[in-house]
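Heads up, the thing below is written out as structure tokens.
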Amino acid sequence: MTSALAVKDLSAAIGSKQILDHLSIEVPFGEIHALMGPNGSGKSTLCHVLTGKPEYQVKGSASVNGDEILSLDVDERSRLGLLQSFQYPTEVPGVRLREFLLQAAEERRISSDEASERIENESRRFGVERFLDRSLNDDLSGGEMKRSEIFQIAVLRPRMALLDEIDSGLDIDAVRQVAEAVERMRSPELGVLLITHYSRILRYLAPDRIHVMIDGRIVDSGGSDLAGELETGGYEAVRARLGIERPTTEGPMRKPADFFTETPFDV
Ligand code: ADP
Ligand code: MG
């Protein structure tokens, strides 16, 4: 059966820095998978490489709904059904959420009647009706922004959604709301990869599978047992069980610009 996402032996480097190391992961349609890993393990890089950010040297393969994507432009990948939510969605004054979505739907060849109907139904389902005629992300709380992102995905109906740190920066009530919204997006037509380094969202959401990423590789995959181990022992427990040494370096090397996309939490 064709999967929503199938990544095989994917390696990515910037210059001499190897970030992803023969990474393989598969997300079947209808499933929600969690990808967890400490800061700097390469989770966001995986998103960037899949969506087509240009600066990486990439090897391996990745397909969405059976179509190989690595040689395609960003917009072609998007039209094939790959969508990534923003970790820190930007405010866009003067562009209303409703207009933005109608335009995005047109790009994806969804008729305007169909798009309007989806906007009405999904906005009710996700409780975002009152944001529709406001500027994009204007004056929304962290939790509202993330709900709005998930609502947009529900309207545009991609085949594969990458949710990078959808839970970061949120208070615990907002994490629960976002987890419920993610669970509500579940559909046989969609695969979801929920990326996080913080296990608390798993208290409110039961992914079909959890993958742990350390140093650019998936080192373990499992179900709720793995969630329990992460909740109590953190990545240290997984490292110890698998005999993976802590890196001897000081931690991730970052350019100043990266600080704006980094999660406020550090565990
Ligand atoms: P995560 O999302 O898991 O926190 P990232 O994918 O952001 O991790 O980063 C993985 C590693 O790659 C880190 O060591 C980071 O410093 C490095 N890295 C990411 N982007 C760049 C870049 N543009 N140039 C050099 N190193 C980078
Ligand atoms: Mg990241």
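Structure notes:
- Residue in segment 244-253 that is loosely packed, with under 13 Cβ neighbours inside 10 Å and either at pLDDT 90 or above or among the polar types (S, T, N, Q) (or both) present: yes
- Given (1) without any contact (Cβ under 8 Å) to a residue 24 or more places away in the chain; (2) within 16 Å of ligand 2 (Cβ to nearest atom); (3) touching a helix residue (DSSP H, G or I) at 6+ places or on another chain (Cβ under 9 Å); (4) not charged (D, E, K, R), index of the condition residue 38 fails: (1)
- Breaking point among (1) among the acidic types (Asp, Glu); (2) touching a Phe, Trp or Tyr at 6+ places or on another chain (Cβ under 7 Å); (3) in contact (Cβ under 8 Å) with a residue 60 or more places away in the chain, for residue 165: (2)
- Some residue of segment 198-218 being surrounded by fewer than 13 Cβ atoms within 10 Å (Cβ to Cβ) and modelled with pLDDT of 90 or more: no
- Residues in segment 19-35 that are touching a helix residue (DSSP H, G or I) at 6+ places or on another chain (Cβ under 9 Å) and either more than 9 Å from ligand 1 (Cβ to nearest atom) or within 25 Å of residue 203 (Cα to Cα) (or both): 23, 25, 32, 34, 35.
- Any hit, segment 8-29, residues being assigned to a helix (DSSP H, G or I), out of contact with any Gly (no Cβ under 9 Å at 6 or more places or on another chain), within 16 Å of ligand 2 (Cβ to nearest atom) and of a type in the set (Val, Ile, Thr): no
- For segment 131-161, filtering for residues that are under 14 Å from the mean Cα position of the chain (by Cα) and of a type in the set (D, E, K, R) leaves 4.
- All of 182, 192, 238 fail the test of being more than 16 Å from ligand 2 (Cβ to nearest atom), buried (at least 20 other Cβ atoms within 10 Å of the Cβ), at pLDDT 90 or above and farther than 27 Å from residue 141 by Cα, apart from 238.
- Filtering 175, 128 for residues that are at pLDDT 90 or above, within 18 Å of the chain's Cα centre (by Cα) and either more than 23 Å from residue 28 (Cβ to Cβ) or of a type in the set (Ser, Thr, Tyr) (or both) leaves a single hit, 175.
- Qualifying residues in segment 1-18 (those that are more than 28 Å from residue 229 (Cβ to Cβ) and among the small types (Gly, Ala, Ser)) - the one nearest to ligand 1 (Cβ to nearest atom): 15
- Single unsatisfied condition, residue 51 versus (1) more than 16 Å from ligand 2 (Cβ to nearest atom); (2) farther than 27 Å from residue 244 by Cα; (3) at pLDDT 95 or above: (1)
- Residue check: residue 161 meets all listed conditions (1) in a helix (DSSP H, G or I); (2) buried (at least 20 other Cβ atoms within 10 Å of the Cβ) but one, namely (1).
- Tabulated pairs, segment 199-224, first in contact (Cβ under 8 Å) with a residue 40 or more places away in the chain and among the acidic types (Asp, Glu), second in a loop (DSSP other than H, G, I, E, B) and surrounded by fewer than 21 Cβ atoms within 10 Å (Cβ to Cβ), C-beta under 9 angstrom, 6+ apart or interchain: 208/28; 208/30; 208/31; 208/223; 215/40; 215/244; 215/247
- Qualifying residue in segment 43-63 (condition: among the aliphatic types (A, V, I, L, M) and farther than 27 Å from residue 201 by Cβ): yes
- Cβ-Cβ under 6 Å pairs, at least 6 apart or on other chains, segment 43-72 side farther than 14 Å from residue 162 by Cβ, far side part of a helix (DSSP H, G or I): 56/49; 58/49
The values are calculated or read from the model by the stated rules, or taken from the named source; none is laboratory data. Just so it is clear, the model here is predicted, and its values are computed rather than measured. Methodologically, a virtual Cβ is constructed for each residue, glycine included, from the backbone with ideal geometry; neighbour enumeration extends over all protein chains shown.
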